Amino acid sequence: MPGPLFEGNFVLAVVTGYLLLLFGIGYLGERKFDALRARGLDRYVYVFSAGVYCTSWTFYGCIGNAAQTGPSFLALFIGPSVFALSWWTVLRKLVRFCRTHNVTSVPDLLSVRYGGTPWLGALATLFLVVGSVPYISLQLQAVAISYGMIAGSAGGGLAAAVDPMLLVALFLAAFALFFGGRYLDFTRPQGGVLTAVAAESAIKLVILLAAGLFVCYGVFDGMGEIYDRILAHPEWRKLTGLSGATGNGYARWTAFFAIAVIDVFLLPRQFHVFVVQNGDESHIKTAMWMFPLYLFLINLFIIPIAFGGLLLGLPAAAGDKYILAIPMLSGQRVFSLLVFLGGFSAATAMVVVSSVALGKMVANNLVIPGILRARKGFHAYGYLLAATRASMLAVIGLGYLYARLMSYNAALMEIGIISFVAVAQFGPAVFGGLYWKGGTAGGAVLGICAGFAAWFYTMILPAAVKAGFLDPAILSHGPFGIALLRPNDLLAAGIGDPVGNAVFWSLFLNLIGFVAGSLLLVPGRAGTREEGRRAVPSGIGRRGGSPDGGAHYPSLEDIEAVVTRYAGREKEREVGEVVREIREIKSRGETREAVIRQMELPVRLERILTGSIGAIAARNVLRDMLPIALADAKTLVASFREMEKDLATTRETVSHKEEEIRARERLLASVVHSIDDGIVAFDAKGTITAVNEGACRLFRRAESAMIGEDFQLLIRDTPYREKQRIVARATYRHGHWRGEADIVRGDGTQAPGLVSTARITDRGGGAAGFVASFKDLTEFKAMQNKMIQSEKLASLGQMAAGVAHEIRTPLGSIKMSTRLLGDGDGGGDSAEAIGTIREAVSSMEVIVNELLEYTREISLHLDAYDLVKITRSAIFGMEEETKRRGVSVALEAPADPCTALVDGVRVKQVLTNIVKNAVEASPDRDGKVRVRLSERDGGVRITVEDNGPGMTVEELGKVFQPFYTNKAQGVGLGMPIVKRLVEMHGGEVRIESEGGKGTTVSVEFPRYPFAGSGGER
């Protein structure tokens, strides 16, 4: 192996600088995270922060695994990549469950899902800490090993006096406390942690790709040479594919695949990033393609680097160090330092996120419940926040101690596998609890305990034997000489691979225990009542009774005091919602609904506190601090008895009402299905949920072919779904929309149609979707086209006369000029005649172009545009003309954007034409044009005023007539085109003028065209 390249003090200074840079990134991320979110960049921060899945185990350990056993490690990355295809279902369900209950860790999830069993969360926390601490120690050990390789003698100073691994642990602990331990509520976005971790994910990816390129094309002559030489070697060629060898067989591959599918969500760091810090469900869609791409890129050069190290004669047992050793052997000092920093970033990111997640987990499930059990009724927020921070420090401390005591005796890959298999034991309880309603707390505990017992026996015992703590005979002959109990081949199953053996038996026994425990360990009646009492906490009331015996509710001060006592000021918004709920209840008085709502308040308060102090402590706080009073309990019992009597007496009435409602539903369904127009119902996401027979006929599709499809299936739209966005936005904002669209039939044909939509609201008043009616306008359009054709023919004579009049003048000039050319001898007269011909031809070209513009069909491409920017652009385009004529143009516009749904290009054409007319009408050297923008009545008004000669009443009446102009040069089609474009936007243009007093042109654009009941396109 190569010798060190740098002194320890220098490397320590570089590491310190990198850690300070990490602090800077975290600080900026914390401050600017809202800006990132506003620009939609937080989805990329989300995915790159999930890249913490790739730690120093990937950077160093996978290369060592590839050099010793082959490509079996790839299953750890292929598993999550394949599993990503189902994330929109699985991960979204997990995110929604945790968001609903303010869950911040896997133990909290288990506590909430399985009836609030307190010791289940504590047990899961202990197992997770035991399984995760070796993984943290792996990262610290990787830092120590790589530091030892690249750094030489300390040369005195700090590097000689301080353990570098300890120094790094202290820096990372400070980072975790500063950015991850600022608040007790972990459901808040941790922008600093996420941004720093995302930056480190990008750094390690770039450096690993650079190292791979260096090995393949800087040391060797490409991947082809590396693989050719490996395949030519009789021993190394086995490393290019799966084989029957230990560590590279199909059993190892399958085991890695299975645990990776589970751990990509349940590793504490992954759960914190993927689930707890998910700020928008749509980010899951980005992660579904971007995360597998990240895994592919980061593994692209792992095997070539491993093979390159073997070809350079480096020992296979030192494969963990290849990525750093190869550039060091080549004398690349700067590049070697960069590779060291790449591995350092991979390790530090994992330690930061894991310490934050594990520290919060330990605090919520072990420390905080103990504190609240010891002391009750005191202002605990400061103590609980300190306990959370102390737990984070303890986690990093345990990782450091483990790295010192044991993990130097094992390879990086072995340590990582131990942690991976341990965390996988929560898979059956978590995913089984999400999808199987029959799962119980007894089944979860039995399965987890069985799985961890098998994990300890098949993984920890062999690791202890390798470390020299136990007799090697245990592995060869089994404990007490019983061969069937050999940890590496339990019950002589013949799996052939130690990891495959451990994964199979631990998950198998775990799953059996979970299912059997859920089916067989049925709680008794008392247990059921206790679980029900915990799952739905008792109502909250005053400790004293009331003379009138009525129902009572806690004061607003009581609610705020309890929540503030344990969550500080972090939950003011959520508490405000509860306060408003209580006021609403109080305003209703003594009603049955008030009693029911009173029962729901503890559940809401529990969810609020769960994000800060965990499910166990939140439930204990509500039970201990806000017990129900005796008078309130009597009121509840009386109310429920009354409700029970009413239910018994009204059952028959309800039955009759139900039948009547069903009859009305059948009648309504019959009416809807008999309508000729197509009626289609959509949910809030634009997915078709129901259609009538008219829609099937109109679209020539079967009902089954439309249900579940998108709105875009029915109408012709752009690739950017502009029409769909217009319809949805107008419907949800204004309650309805009406306009024309091209209908797309099942046979591929299209037809013009009239679409009318109406918003559907849920009980809370929110948008639940919309219903749309579609009418075929084919016959109507045909009749309309005939009428238009008739009108065109009628006006063709008038238009032709105007065109002839306009073209006659330039034709006369051309005729006169050509006669002069024929009679003259050339010279200056010829040049002047040619110039006259050119000007005349240009005039005819302008006439023809404006005529074509006026007569051609125009289609709008609507999007959200800032009309202030468009107006500034139109004025800027006239700057040369205004300077030449000496006319000043002033713009008065609001400071905020005036956004409207328009065709930006056409609106600029309108404003340019109007401003140009105003500039030309204004007197030279003293002309003034004022352009004003204002918002009014859901639209935007733009006025253009000039101080020109103005127009008479007769001239005003002819402004919008084709071919009318009062200018010396002009065709007279500009203002007709302006009027046409404005009206196509659903707007209006007005002109006010008096002789000698100037002219004012006003244009009004609605913010959302065609949102009214009568707007058509």
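General remarks:
- Here the peptides 379-391, 336-348 are ranked by packing, the mean other Cβ count within 10 Å, and the order with the highest first is 336-348, 379-391.
- Note on Arg182/Arg37: beta-carbon distance plugged into 1/(1 + (r/R0)^6) with R0 of 22 Å gives a FRET efficiency of 0.75.
- What the pair-distance distribution of the range 861-1016 shows, using all Cα-Cα distances binned every 10 Å from zero, is 11, 41, 36, 12, 1 percent.
- Dipole axis of the range 8-413 (+1 Lys, Arg; -1 Asp, Glu on Cβ), positive-most option in Val143, Thr104, Gly319: Thr104
- Percentage relative contact order, the range 8-413, counting C-alpha pairs under 8 Å, at least six apart: 38 percent
- Three-way shape label, the range 906-987, alpha-carbon gyration tensor, a/c 1.5: oblate
- Sorting the segments 349-355, 15-21 by their residues' average number of neighbouring beta-carbon atoms within 10 angstrom, most packed first, yields 349-355, 15-21.
- Of Trp87, Trp119, Trp253, the order by accessible heavy-atom surface (1.4 Å probe, DNA, RNA and ligands excluded), from most exposed downward, is Trp119, Trp253, Trp87.
- Our estimate of slack between Glu832 and Ala202, defined as 0.36 nm per intervening residue step minus the Cα-Cα distance, is 219.9 nm.
- Backbone geometry of the range 191-197 corresponds, through the Karplus equation with coefficients 6.51, -1.76 and 1.60 at θ = phi - 60°, to 3J(HN,Hα) couplings of x, x, 5, 4, 5, 5, 5 Hz, x marking Gly and Pro.
- 3J(HN,Hα) from dihedral phi, the range 874-881, Karplus parametrisation 6.51/-1.76/1.60, rounded to Hz, x for glycine, proline: 5, 5, 4, x, 9, 4, 5, 5
- With a Förster radius of 25 Å applied to the C-beta separation of Glu577 and Arg733, the computed FRET efficiency comes to 0.50.
- Spin-label model distance (nm) - Glu881 vs Gln750, 7 Å beyond Cα toward Cβ: 3.5 nm
- Model label points for Ala317 and Arg666, set 7 angstrom from Cα along the Cα-to-Cβ axis, are 8.4 nm apart.
- Separation of the alpha carbons by more than 21 angstrom is noted, of Lys781/Lys979; Lys93/Lys723; Lys685/Lys775; Lys32/Lys93; Lys93/Lys285; Lys285/Lys685, for Lys781/Lys979; Lys93/Lys723; Lys685/Lys775; Lys32/Lys93.
- Hull volume per residue, based on the alpha-carbon atoms of the range 708-787 and their convex hull, is 111 Å³.
- When the alpha carbon coordinates of the range 391-505 are projected onto the principal axes, the ranges are 45, 41, 22 Å, largest first.
- Stretchable slack from Ala374 to Arg604, in nm (0.36 nm times residue separation minus alpha-carbon distance): 80.3 nm
- Remark: the Lys869-Ile707 segment gains 54.0 nm on full extension, using 0.36 nm per residue and subtracting the alpha carbon distance.
- Estimated FRET transfer efficiency when R0 is 56 angstrom, pair Glu235-Leu28 (beta carbons, to 0.05): 0.65
- Surface exposure of the range 436-521, expressed per residue as accessible area with a 1.4 Å probe, stands at 47 Å².
- Backbone phi angles across the range 476-482, fed through the Karplus curve with coefficients 6.51, -1.76 and 1.60 (θ = phi - 60°), yield HN-Hα couplings of 8, 10, x, x, 6, x, 8 Hz in residue order; Gly and Pro are listed as x.
- Among 733-746, 437-450, the order from most to least packed when residues are scored by Cβ within 10 Å on average: 437-450, 733-746
The values are calculated or read from the model by the stated rules, or taken from the named source; none is laboratory data. Predicted model, so just to flag it, every value in this text is computed and none were measured. As a convention, Cβ positions derive from the backbone with ideal geometry for all residues, glycine included, and neighbour counts pool all protein chains shown. Side chains included, ligands, DNA and RNA excluded: accessible areas come from the protein's heavy atoms. Shrake-Rupley method; radii C 1.70, N 1.55, O 1.52, S 1.80 Å.
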